[in-house]
Amino acid sequence: MKKILLFLTFFGTILTLSAQNKTVTVTGKVFDKSTNQPLEFATIVLQDIAKKRAVTGGMTNMKGEFSIEVEADVYDIAIEFISFKSQEIKAKELRSNTSLGSFYLEMDSKALEAVEIIAEKTTVQLKLDKKIYNVGKDLTVRGGTVSDVLDNVPSVSVDVEGNVSLRGNDDVRILINGKPSGLVGLNSTDALRQLPADAIEKVEIITSPSARYDAEGSAGILNIILRRSKLQGLNGAITTNVSHPEGYGISGNVNYRTGDFNFFTTSGYNYREVPGNSNTFTEYFNGDNPNTFLNEDRDFERFQKGFNTNFGVEWYINDKTSITASLIYRNSDDERETNNILTQFDSDFNVTNVSTRFDPETEGDQNLQYGLNFDKNFEKSGHKLTADFQFENSTETENSFILVDGALAEQVRTVENQDRVLLQTDYVVPLSETAQFEFGYRGNFLDLTTDYLVAFLEDDEFVADSNLSNVLNYREYVNAFYTQYGNKINDKFSFLLGLRMEDSRIAINQLTSSDFERKNYVSFFPTINLGYEISEDQSITLGYNRRIRRPRSRFINPFPSRSSITNVFQGNPDIDPSFSNAIDLGYLNRFGKVTLNSSIYFQRSTDVFNFISEDTGQTTILNGEEVPIIRRTPINLARNDRFGFEFTLTYNPSRKWRLNGNFNLFQSYNRGEFNGVNFDADNLSWFVRVNNKVTLPGGIDWQTRLFYRGPNEDAQNIRKGLFSANLAFSKELFDDKASIAFNVSDVFNSRIRRSESFTDTFRSEGEFQWRVRTFNLSFTYRFNQKKERERNGRDDDEGDDGGFTATP
């Protein structure tokens, strides 16, 4: 990788030096015709007529002046500025230093109107195997994070702990630009809370993935596309924000393109204080003895500091070929202070014991990823070859020294180190104007080592507990080959048929206990995606796919890890992957100012992962009192059937008012037994999200978002309904070059998870609030841009999988 980067740098240097042999200087000025004011950051592109490609270029300074050195030759010259009509000089002979004079550019009203539609509206584009959610001017997430954006995407919900679900299913595969990414790292929940929202260009909701995508993720795939401009010259946007509880941050996406090279970066730093709390009240059934009770109060204080950057350079070798080298780095340094108060009661609710536990934890995450992409377009449109190499290293270290009743008593440390290599190539061959054939390979190679230490203070020295401390090495190698064929018939009917084969080789090495296990299996994953365009305004899609859910290393590790002295999580080394088959029927209709996008779906999964709570039979001593230890562990249950219906309704009566809502209803059936206990459970659940945006007098935008998730239950848990509301205001400044926004997250401080759990030996009630109500003020400044969010010229969604597209 280093050699390739050095080669690119060396090659660019040689080009620059060679151009200095016979150079001339080209000068001129660029003005706004309507105001006669100089245009800063206007771009000048010189194209070699013989080679038919851009050779060099430059930008104007604050006085509208430019000066460019170029090899003596004959060029086509273009003078460009965003939202202005370009001017061109054809076949200009440059043999000596030349002044081109002054250029007066006119505003392009049509371009401004088209851009404004994209800027103001959040749109959904349909393809055969995905919905593409173009992130528009969403005020409620301004200055927020990627996690906030996902919580506003149709079909997607984010719970109070930051876990992402798609149609109520939390087995979601999250990709960045179509691939696993170091921006996500080991803990996707924490990482998504640190990435700035303004870095997102669009989100692809892939509920019926084609054969091109990994089969991992029974719910589907969320593919997050980051912003990258391809305009000549320097352009971008910078956003700063402050919040309460205390927080601040700065982020930016900046692009500089000159000649055949395009440099881009998306970077940000943030600091956040995130207070939260939880309470659990448990009743223990003691058989013939009186029942006893335990109340557990926790207060969390989190201090999150994080820096992330995505830097790269794209080299356009010619009009059809490019190489992109990128580096992703993420570094976070978090602290968490947890105060835990345990209060024990007898059967008459007399307090028998009070114990305190203070857990100050530090957590450091570092992710470093190198990527190299080769992109080759052939003469025939759609004929394309791409190849990718990616290496990622992630390290996460958690360390805490725990005080019990004010005295230092325990140390807990977790160190995770992960190496991941990705190899991928895709080849697309158009067979006709509407048909295409595609095949490819993807190799995912993962090595993860987890070192978990629990030590107790004995005689002023920490001694490791051999029943808890352990080292686990988890290796997962997946080689996949796929092929698919798509066509469009009579401009109405489209289909995409695919088959994917994955060879999975998994090795589990528990170094502490010397237990070693291999799991090798070959699986086939067929996909079918059909589309029929009834009219320009109506269309139907039908998709079928088979998916897999592999257990994570934590699910397999047989050594317990503790969330408190009375609760442990323990992996299950015998757990197997879960397979699912899903069918999705979608319907789109646009009538007047209303757009309806709906679907009905069914999914059957076998060997489903379920988490059960059970009494370990062990106890812990709290000031002389014995308290049972409860274990939570994953198991394979026989089957889960999920039926669902969802729709997104958009009403846009005027340019100043936009209303949309998303509703999702699903019924789940669990069927299975474990250790003689029946875990059959039927669960009906739903969620609804409503967004309303109005432009007030004075050009102030007002946006409100309401969310409600209905109650749901399984064999051991009941979760109550949850409501939250977000509110935001925004105002454009400085001729639309900047904007200021103020938003309130969780206005009523009601985003609290309330639940009940019950078994034959205990019953508990609890509530958990990850983050309290938050106020945020952000300021964005755009340079060499207007209010629009410029869309990529390149298709970053891994290509077009078929001929059917509909955009509400």
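The values are calculated or read from the model by the stated rules, or taken from the named source; none is laboratory data. Since the structure is predicted, the reported quantities are computational estimates derived from the model, not experimental observations. We place every Cβ from the backbone using ideal geometry, glycine too, and count neighbours over all the protein chains shown.
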task: Select from segment 261-306 the residues that are assigned to a loop (DSSP other than H, G, I, E, B) and without any contact (Cβ under 8 Å) to a residue 60 or more places away in the chain and write down the one among them that is surrounded by the fewest Cβ atoms within 10 Å (Cβ to Cβ).
output: Asp288
message: Considering only residues that are modelled with pLDDT under 85 and in a strand (DSSP E or B), which ones fall in segment 756-775?
response: Phe758
query: In segment 28-47, how many are part of a strand (DSSP E or B), surrounded by 19 or more Cβ atoms within 10 Å (Cβ to Cβ) and touching a Leu at 6+ places or on another chain (Cβ under 8 Å)?
result: 3
- prompt: Of the conditions (1) surrounded by fewer than 18 Cβ atoms within 10 Å (Cβ to Cβ); (2) under 30 Å from Ala387 (Cβ atoms); (3) not hydrophobic (A, V, I, L, M, F, W, C), Tyr256 fails just one. Which one is it?
  reply: (1)
task: Consider Ile221 carefully, then state whether it is surrounded by 22 or more Cβ atoms within 10 Å (Cβ to Cβ), at pLDDT below 80 and of a type in the set (Val, Ile, Thr).
output: no
- request: Of all residues in segment 420-435, count the ones that are over 23 Å from the mean Cα position of the chain (by Cα), assigned to a strand (DSSP E or B) and more than 17 Å from Tyr213 (Cβ to Cβ).
  value: 2
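Listed here are the residues, each with its yes/no results for (1) within 30 Å of Asp288 (Cβ to Cβ); (2) part of a strand (DSSP E or B); (3) at pLDDT 90 or above; (4) of a type outside the set (D, E, K, R).
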site	(1), (2), (3), (4)
Ala725	no, yes, yes, yes
Ala728	no, yes, no, yes
Ser750	no, no, yes, yes
Arg754	no, yes, yes, no
field: segment 719-736 - residue that is more than 22 Å from Thr774 (Cα to Cα) and touching a Lys or Arg at 6+ places or on another chain (Cβ under 9 Å) and, of those, surrounded by the fewest Cβ atoms within 10 Å (Cβ to Cβ)
entry: Asp735
- prompt: From Leu448, Leu499, which residue is touching a helix residue (DSSP H, G or I) at 6+ places or on another chain (Cβ under 8 Å), outside any loop (DSSP other than H, G, I, E, B) and within 30 Å of Ser553 (Cα to Cα)?
  reply: Leu448
- prompt: When you look at Phe524, is it of a type in the set (Phe, Trp, Tyr) and either closer than 30 Å to Thr207 by Cβ or out of contact with any strand residue (DSSP E or B) (no Cβ under 8 Å at 6 or more places or on another chain) (or both), yes or no?
  reply: yes
- prompt: Here are some residues: Arg550, Arg546. Which one is in the same structural domain as Met501 (by TED's automatic domain parsing) and touching a Phe, Trp or Tyr at 6+ places or on another chain (Cβ under 7 Å)?
  reply: Arg546
field: Leading residue by the ranking (farthest from Leu497 (Cα to Cα)) among those in segment 533-562 that are without any contact (Cβ under 8 Å) to a residue 60 or more places away in the chain and over 27 Å from the mean Cα position of the chain (by Cα)
entry: Pro558
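Table: residues versus (1) of a type in the set (Phe, Trp, Tyr); (2) touching a residue at least 60 places away in the same chain (Cβ under 8 Å); (3) at negative phi.
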| position | (1), (2), (3) |
| --- | --- |
| Tyr708 | yes, no, yes |
| Glu713 | no, no, yes |
| Lys731 | no, no, yes |
| Asn743 | no, yes, yes |
| Val747 | no, no, yes |
| Phe775 | yes, yes, yes |
Options Asp607, Asp615: the member that is modelled with pLDDT of 80 or more, of a type in the set (D, E, K, R) and touching a strand residue (DSSP E or B) at 6+ places or on another chain (Cβ under 7 Å): Asp607
- prompt: Out of curiosity, is Glu438 among the acidic types (Asp, Glu) and either outside any strand (DSSP E or B) or in contact with an Asp or Glu (Cβ under 6 Å, 6 or more places away or on another chain) (or both)?
  reply: no
task: Would you please name the residue that is surrounded by the fewest Cβ atoms within 10 Å (Cβ to Cβ), looking only at residues in segment 397-439 that are acidic (Asp, Glu) and under 27 Å from Arg475 (Cα atoms)?
output: Asp419
message: So for segment 449-466 (the condition being more than 30 Å from Gln618 (Cα to Cα) and crowded, with 17+ Cβ neighbours inside 10 Å), does at least one residue qualify?
response: no
message: Being at pLDDT below 90 and of a type in the set (Val, Ile, Thr): is that true of Val404 here?
response: yes
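Yes/no matrix, rows are residues, columns are (1) surrounded by 15 or more Cβ atoms within 10 Å (Cβ to Cβ); (2) within 30 Å of Ala409 (Cα to Cα); (3) not aliphatic (A, V, I, L, M):
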| position | (1), (2), (3) |
| --- | --- |
| Phe559 | yes, yes, yes |
| Asn567 | yes, yes, yes |
| Pro577 | yes, no, yes |
| Ile583 | yes, no, no |
| Asn589 | yes, no, yes |
| Thr595 | yes, no, yes |
| Ile600 | no, no, no |
message: For the structure I just gave you, tell me whether Asn520 is under 27 Å from Phe445 (Cα atoms) and crowded, with 17+ Cβ neighbours inside 10 Å.
response: no
query: Is there a residue being within 31 Å of the chain's Cα centre (by Cα), at pLDDT 80 or above, crowded, with 17+ Cβ neighbours inside 10 Å and at negative phi anywhere in segment 670-678?
result: yes
query: Hey, Arg336 hits all of (1) modelled with pLDDT under 90; (2) basic (Lys, Arg); (3) over 29 Å from the mean Cα position of the chain (by Cα) but one; which does it fall short on?
result: (3)
